Structures are given as C-alpha cells and as structure tokens.
Amino acid sequence: MLGCFYLGNAMKNPVYEEILKPVVLPRMYRVRQLFDTTKIEDVAGTVRKEVLAFPEIDKVKGKTVAVGVGSRGIANLPVIVKTLIDCLKEKGANVFIVPSMGSHGGAVAQNQTKMLEHLGISEATVGAPIRSSMETVTIGDTEDGIPVQMDKNAASADYTVTVARIKPHCSFHGKYESGMTKMCVIGLGKQHGADFCHARGMAHMPENLEKIGKVFMSSSNLLFSLGLIENSLDETCFIHPYGRDTLMKEEPALLEKAKALFPRIPFTDFDVLIVDEFGKNITGTGMDCNVIQRFTSEHMVPQPFYKRLVVLNLTDESDGNAAGFGLADVSTQKTFLKMDRAKTYPNFLTARTVIGGRIPMIMDDDYDAIRTGIKTAPDSDLHHLRVVHIKNTLLLDRMEISEAMLEDARRNPHVEVVASEGHEMQFDAEGNLITDWRDMRNED
C-alpha cells in the first residue's frame, strides 16, 4: 500500500497517473462541531399529542383524508407519518397517502411511489395505501392568472393533511422557503404546479410561492400541515400542526427559527471540500447550496470559501436522480453510472435551471477524484493542503480536516479536535475512500 493506504488499480489511465503522481494526500484529523442538541425525545408521543390537540381534528370522522408526504430527507419520517395516520384513523378517518414532491422521480407516478418506499413510507410500514398520480386539477387562479394546481387524488378527498420540514431553501430566499407553503404549492402541485410556480425563474419564486400559496389556502381542502423543524444534528426538535387559516401567518417566524439552527461548515479559506455523498433524500439540490455556497440558480450570490468540490457518490435513496451533480467540480465513474437522466432532468426543465444538471470532471475512483481536486485547486500549497471532508451536507457535527487546518479548529470555540493523532486516507481495492462515520459519531 501507498502512504494513503490504497492498493491501486492496474487498469488506470497511465496518463492520468503520471500527472497525478506528485499529489500527496494530507493526514486527516477528526473534529466535532458543537451544536445545540435540544431535541424531542419521544417523537411519536409528541406527534400524537399535537395532532389530537388540533382544534378541528374531529372533522375527519367518517371522511377521507389524503396525507401528503414529500421526498426530502426528514428525521424520523416513518414514525411521524405512521403516528399521524394512526391518529387520523382513531378519529374515524379513511386515510391514504399521496406523494407530494413536484416533479421529483422524473415526474413519473410510480417513481414517486418508489422514492417514498426508499424513505421507509409504504402501506406495510405506515398502514395506509399510496395513491400516486401526476394528474392535477385547477383549484383557483391568482390575480395575475396563474392556475393553482393540486394533486387530483388529494383534491378528491374530503381533507388533505401534509407533513413538511421547514428549512432554508437551496435556490431562493424569501418569507417562505422549504416548508409548509411550498409543500402545498410545489409538492401537491406536482409537475404542473411546480412548472407554473417556476415560470418566471428562481428569482421570482418567493413572490410566486406566496401568491399561489394564498389561493391554495383559500381554495383547497387542506385541514392542516404538520410543521417540523430539525436541530443542527438533523434531529426533530419541533412538531406542531397549522391549519390553513394560520399556516402562512406563522411560517415566516418558523423559518427564522430553522435558519438559526441551520448547520454550516465552520472553516474558511481552504483548498478542497470532499463530500462522500449527495442525493434527493439529503436535499432537493443533492447538496445543500447554503452549506457549500454553490447554487443552481444564477441569481443567488455565493460566498466562496474553498476552491474545489469533490463529490464521491450518489445515494441509493435518490434512485438515480442526480440533481445537483453539476455543483461539484470532480466526481467518480460510479456516481456517473448511477445517474438516470430521465429522473434528473425533469427537475431542471421544470425549475428552468441548468447548473445543477451539468456533469463534473469524472475520474475512475475516489482516489483519483480526490487527487484531481487537489491537483486542480489553484494557488494551493501542496505541502500544507487545507482539506475538509464531510459525509454529506446534512451531517456536519463530525468531519475530517487536514493537518494544516488544526490551528483553525483549536481557535474555534465551537469545534473540538476529537483525535490528537492524525491518520492517512484509506482506500479499498477499488479505490473507494473508507470512512466509518458511525464510529466518529459515537466517539466521545
């Protein structure tokens, strides 16, 4: 093995190998970012308490209720959805699930069902059938003539309930970003509704989301949205249902609360950011743009703090949707082969953006991808490389940094160096980077 513990691949391109040979990977050190860890210990119990306390919950007796569930990564999602469904059933409702994810899954109904199954949502796990369709009905129009769309199955029910995590959006900022209003307008609007909302581009999303949302609240059968907020460790810390009369009044304050808890990378001015994985189950753009400061929309102004971004893999849960791939500079052959264009491009066609759908530089394996990121990072000191390595943009409490960044970590009161001894990067026989993130999370 080499100093970085890699057996090597005899089939490697000899030209690449000659060019990358001078690159020496730095020793890495494990660090912990210190966050507010307040969370809800009994998630199921809290969902039950909040849902049954909703003032209009008794309306569901003898009625059909559609439960809208999206494709975003939400902590404890199966538990939350199952408990919500159990409560509705106990109150006498006939419940079914509708995928509420706009154009995700390639804008194909069966793919949206599959995405829910990847997230642990199926009739077997939560006790309600899934009725998936891309067909919508128009439930109203905005003053300037935008038709407001709603999933036909949800619209045909007596009531609709949604589950929505409130968080900063990756491609626009406004009073309403990712959350309850967007779940109704984009999620339940399916591809048609998302297309109308994106018609003027991402720069106009805040105003479109608000005016379409107001029509949706006044014209739909929405009973309530179960609003969720997560702490910086991606753990549930807030659960509360909001009826359609109060939802849009309350959500801006909830968004500010979510922003205050939003985790970020606590370092600046480094050479390479290595991200193990990206995908739709992590965020809509695969990697959270607010974390990496690269955006899928031209109108968003980034604040660069590193030179090259290397992403190593696409999550299985993303089911081939590689939205956000173009945010990276370098990636791997295994990631490229996982990409399904038919499931990826509908997002960009709908959102009228192209940046996230581009293809980064593709290398044979993790080993070459990382070396390429280092080799192409301009004006870098190869003897004092500044490198940050994370699992994904959701899990930022544990990360690895290169030796040249140790002093930055020690000066930061919110960062703790976990291991005093550094380690070489390790790769398996196929050139895959080996990192036991579970071990790092349990290390005290």
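The values are calculated or read from the model by the stated rules, or taken from the named source; none is laboratory data. Values in this document were obtained by computation on a predicted structure and should not be read as measured data. With ideal geometry, Cβ positions are generated from the backbone for all residues, glycine too; neighbour counts draw on all protein chains shown. Side chains included, ligands, DNA and RNA excluded: accessible areas come from the protein's heavy atoms. Shrake-Rupley method; radii C 1.70, N 1.55, O 1.52, S 1.80 Å.
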For this session: Give, in nm to one decimal, the length gained when the segment between Arg410 and Arg264 is fully stretched (0.36 nm per residue of separation minus the Cα-Cα distance).
Result: 50.8 nm
Exercise. Out of the DSSP beta bridges found with both residues in the chain, what percent are antiparallel (nearest 5)?
Worked result: 45
Exercise. Which of Leu188, Leu337, Leu382 moves most in a GNM of the chain, Cα contacts under 10 Å?
Worked result: Leu337
Problem set entry | 18 Å cut-off, amide nitrogen to a point 7 angstrom out along Asp428 Cα→Cβ, residues in region 380-414 | 391
Exercise. Given the rule -39500 (n - 2.57) for each run of at least 4 DSSP H residues, summed and divided by the residues of the chain, what is its mean residue ellipticity at 222 nm, to the nearest 500 deg cm²/dmol?
Worked result: -8500 deg cm²/dmol
Seminar exercise, completed: By accessible area (1.4 Å), largest first, His299, His169, His423, His384 order as His384, His299, His423, His169
For this session: Could you state the accessible area per residue of the chain in Å², with a 1.4 Å probe and every protein chain left in place?
Result: 40
Exercise. How big is the antiparallel share of DSSP beta bridges in region 172-318, given as a percent to the nearest 5?
Worked result: 55
Problem set entry | Estimated distance in nm for a label pair at Ala109 and Asn13, the labels positioned 7 Å out from Cα along Cα-to-Cβ | 4.4
Problem set entry | Probe 1.4 Å - accessible area at Lys21, Å² to nearest ten | 120
Problem set entry | Relative contact order (%) - criterion: Cα under 8 Å, at least six apart; region: region 302-391 | 33
Problem set entry | Flagged links, alpha-carbon separation over 31 Å, of Lys21/Lys307; Lys89/Lys182; Lys259/Lys334; Lys257/Lys391; Lys59/Lys259; Lys214/Lys391 | Lys259/Lys334; Lys59/Lys259; Lys214/Lys391
Exercise. Mean projection of the alpha-carbon convex hull of region 80-238 over all orientations, in nm²?
Worked result: 9.3
Exercise. In square angstrom, rounded to the nearest 10, how much accessible surface does Thr162 have for a 1.4 Å probe?
Worked result: 0
Problem set entry | Principal-axis tilt of helix 77-90 within the chain, Cα atoms, nearest 10 degrees | 10
Exercise. If Arg410, Arg244 are ordered by their accessible area, calculated over protein heavy atoms with a 1.4 Å probe, which sequence runs from highest to lowest?
Worked result: Arg410, Arg244
Problem set entry | DSSP loop chymotrypsin sites (Phe, Trp or Tyr not before Pro) with at most 16 other Cβ within 10 Å excluded, longest remaining stretch of the chain | 36-304
Exercise. With the dipole of the chain worked out from charges on the C-beta (+1 for Lys and Arg, -1 for Asp and Glu) around the Cα centre, which of Ala409, Gly279, Pro14 lies farthest toward the positive end?
Worked result: Gly279
Exercise. Build a GNM of the chain with springs between Cα atoms under 10 Å: which of Pro99, Pro14, Pro378 gets the top mean-square fluctuation?
Worked result: Pro14
Seminar exercise, completed: If amide H atoms are modeled at 1.01 Å from N in the peptide plane, then the residues at a separation of 5 or more from Cys237, or on another chain, having amide H under 5 Å from its own are Ile40, Ile229, Glu230, Asn231
Problem set entry | Solvent-accessible area of Thr138 with every protein chain in place, 1.4 Å probe, in Å² to the nearest 10 | 80
Problem set entry | Whole-percent carbon and sulfur share, accessible surface of region 25-105, 1.4 Å | 49
Exercise. Carbon and sulfur atoms: what percent of the 1.4 Å accessible area of region 146-281 do they account for?
Worked result: 48
